1. Among all residue pairs at least 6 apart or on different chains, which show Cβ distances below 6 Å where the first residue, located in the range 66-91, is open to solvent by less than 90 Å² (accessible area, probe 1.4 Å) and the second is modelled with pLDDT of 80 or more and not basic (Lys, Arg)?
2. Restricting to the range 1-13, name every residue that is open to solvent by 80 Å² or more (accessible area, probe 1.4 Å) and over 12 Å from the mean Cα position of the chain (by Cα).
3. Which residue is farthest from the chain's Cα centre (by Cα), if the candidates are limited to the range 36-57 and must be open to solvent by less than 50 Å² (accessible area, probe 1.4 Å) and in contact (Cβ under 8 Å) with a residue 12 or more places away in the chain?
4. Where residues in the range 24-35 are of a type outside the set (Val, Ile, Thr) and within 14 Å of the chain's Cα centre (by Cα), which of them is surrounded by the most Cβ atoms within 10 Å (Cβ to Cβ)?
5. Tell me, yes or no, whether the range 14-23 has at least one residue that is at pLDDT 95 or above and open to solvent by less than 30 Å² (accessible area, probe 1.4 Å).
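The values are calculated or read from the model by the stated rules, or taken from the named source; none is laboratory data. Predicted model only: the values in this text are computed from it and were never measured. When we count neighbours, we look across all protein chains shown, and the Cβ atoms used for this are built from the backbone with ideal geometry, even at glycine. When the accessible area is computed, the model is the full protein with side chains, heavy atoms only, and any ligands, DNA or RNA have been set aside. Shrake-Rupley method; radii C 1.70, N 1.55, O 1.52, S 1.80 Å.
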Amino acid sequence: MAYEMWFRGWFLGELLAEFGTIWIAIGINTALYSFIHFFAGRKEAISAIPFGIILCLLTIELQVVWPAAIIHLFLSLGFELNFILRLNNDNISR
């Protein structure tokens, strides 16, 4: 949640105030967001680009960060749950 509060909350707001153009603010925000995901792999970094753009647009349109935070939370939980289930299945089959 703190992750989204910073990226889509404070940082996006500061970029909008500084540049005054939605697409520049979204571009910078998404580029940094994607860069952070690069350490989890190229595929995740690339998929973070459209996801970041969507979350930025959602936050700007609704003027709140909560929907973006909740969407990101559920997406992350889905990946974590899948990882745990696969890990558990691998341990059982040994």
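1. If the second residue must be modelled with pLDDT of 80 or more and not basic (Lys, Arg), the pairs left are Pro67/Leu58; Ala68/Glu4; Ala68/Leu55; Ala68/Leu58; Ala68/Thr59; Ala69/Glu4; His72/Glu4.
2. The one that is open to solvent by 80 Å² or more (accessible area, probe 1.4 Å) and over 12 Å from the mean Cα position of the chain (by Cα): Trp10.
3. As a first pass, look at the range 36-57 and keep what is open to solvent by less than 50 Å² (accessible area, probe 1.4 Å): 37, 41, 45, 48, 51-52, 55-56.
Those left that are additionally in contact (Cβ under 8 Å) with a residue 12 or more places away in the chain: 48, 51-52, 55-56.
Working: Ala48: 6, Phe51: 6, Gly52: 5, Leu55: 7, Cys56: 9 Å.
Filtering the range 36-57 for residues that are open to solvent by less than 50 Å² (accessible area, probe 1.4 Å) and in contact (Cβ under 8 Å) with a residue 12 or more places away in the chain, the one farthest from the chain's Cα centre (by Cα) comes out as Cys56.
4. Filtering first and then ranking leaves Tyr33.
5. yes
Every residue, every condition in (1) within 14 Å of Ile53 (Cα to Cα); (2) among the aliphatic types (A, V, I, L, M), yes or no:
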| position | (1), (2) |
| --- | --- |
| Met1 | no, yes |
| Trp6 | no, no |
| Glu14 | no, no |
| Ala17 | no, yes |
| Gly20 | no, no |
| Ala25 | yes, yes |
| Thr30 | yes, no |
| Phe39 | no, no |
| Lys43 | no, no |
